[in-house]
Amino acid sequence: MSVEAVLSRISEIRSQIDTLRGGSAAATSTSSSAGSTSASSSAFADALATATGNTGTATAAAAAATTSSAPATSVDAGAGTLATGSGATGSDVVADAKKYLGVPYVFGGTTTAGMDCSGLVQTVFKDLGVTMPRVVPDQAKMGVEVGSLKDAQPGDLIIPKGEGHVVIYVGDGKVLHAPRPGKDVRIVDNWYSDADIATIRRIVPAQASATPATTATTAASSATDLQTAALLSMMQSGSAA
């Protein structure tokens, strides 16, 4: 390949990179912009494939970048999945639950006038914009299962065998719950062992995930790395000629 051809391809690829970055910035505000980012990624993939002759690899990379930048939107708790749409994390669950410390236990209650264990859980997640079932057996099916107490993170739900109670793990071996009539919402040392537990459920992510803006920036950086590799390959080909 001649030097003139190499310089021409460099100009074209840089133009595609600029388009990709512009689309990535817009993707943080609207879903239509996300489509623009996808189109830009595909356009860059086409240019890169032409430059390197490796269409399959470039297309796969662009598809991966597009997939990773798509934000999750679910705000309903579901079995086998995390409810990520509200942006709430396990730490948010603990912080919100602490607002109800001292509320008296009332069977069937879901307000500050009184609440039971599952009513507390449902109310906390409702505060955070996440829809949860009302009773323990249904709550025990939501989210993803955590293998054991050693893997539990703040905000996880611990449900003992028999599914007659539910507590919120707050970290450092402590749990927050609405115990029984005559008691109020409180934080106590966790008294359950793995042998006592039916399931531990994680309803929302334990930690905040990367924002769409961060993900888009990462995708653009990856595209720049691919561009550099392509340019080096082209220059080597030109030197060999």
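Just to be sure I understand, how many residues within the range 110-152 are under 19 Å from residue 92 (Cβ atoms) and hydrophobic (A, V, I, L, M, F, W, C)? Total meeting the criteria: 12.
Out of the residues in the range 138-163 meeting the condition of being out of contact with any helix residue (DSSP H, G or I) (no Cβ under 7 Å at 6 or more places or on another chain) and assigned to a loop (DSSP other than H, G, I, E, B), tell me which one is surrounded by the most Cβ atoms within 10 Å (Cβ to Cβ). Within the range 138-163, the match that is surrounded by the most Cβ atoms within 10 Å (Cβ to Cβ) is 142. If we scan the range 168-180, do we find a residue that is more than 15 Å from residue 84 (Cα to Cα), out of contact with any strand residue (DSSP E or B) (no Cβ under 8 Å at 6 or more places or on another chain) and at pLDDT 95 or above? Within the range 168-180, one or more residues are more than 15 Å from residue 84 (Cα to Cα), out of contact with any strand residue (DSSP E or B) (no Cβ under 8 Å at 6 or more places or on another chain) and at pLDDT 95 or above. Candidates 118, 91: the one that is polar (S, T, N, Q), open to solvent by 50 Å² or more (accessible area, probe 1.4 Å) and either within 18 Å of residue 203 (Cβ to Cβ) or out of contact with any His (no Cβ under 6 Å at 6 or more places or on another chain) (or both) is 91.
Is it the case that residue 126 is basic (Lys, Arg), under 21 Å from residue 207 (Cβ atoms), without any contact (Cβ under 8 Å) to a residue 12 or more places away in the chain and in a helix (DSSP H, G or I)? In short, no. Being out of contact with any Gly (no Cβ under 9 Å at 6 or more places or on another chain) and open to solvent by 60 Å² or more (accessible area, probe 1.4 Å) is the requirement here; does residue 187 meet it? Taking the combined requirement at face value, the residue satisfies it.
Scanning the range 95-123 for residues that are touching a strand residue (DSSP E or B) at 6+ places or on another chain (Cβ under 9 Å) and assigned to a loop (DSSP other than H, G, I, E, B) returns 101, 102, 103, 106, 107, 108, 109, 113, 116.
The values are calculated or read from the model by the stated rules, or taken from the named source; none is laboratory data. Just so it is clear, the model here is predicted, and its values are computed rather than measured. Virtual Cβ from ideal backbone geometry, glycine too; neighbours counted across all protein chains shown. We work out accessible area using only protein heavy atoms, side chains counted, and drop any ligands, DNA or RNA first. Shrake-Rupley method; radii C 1.70, N 1.55, O 1.52, S 1.80 Å.
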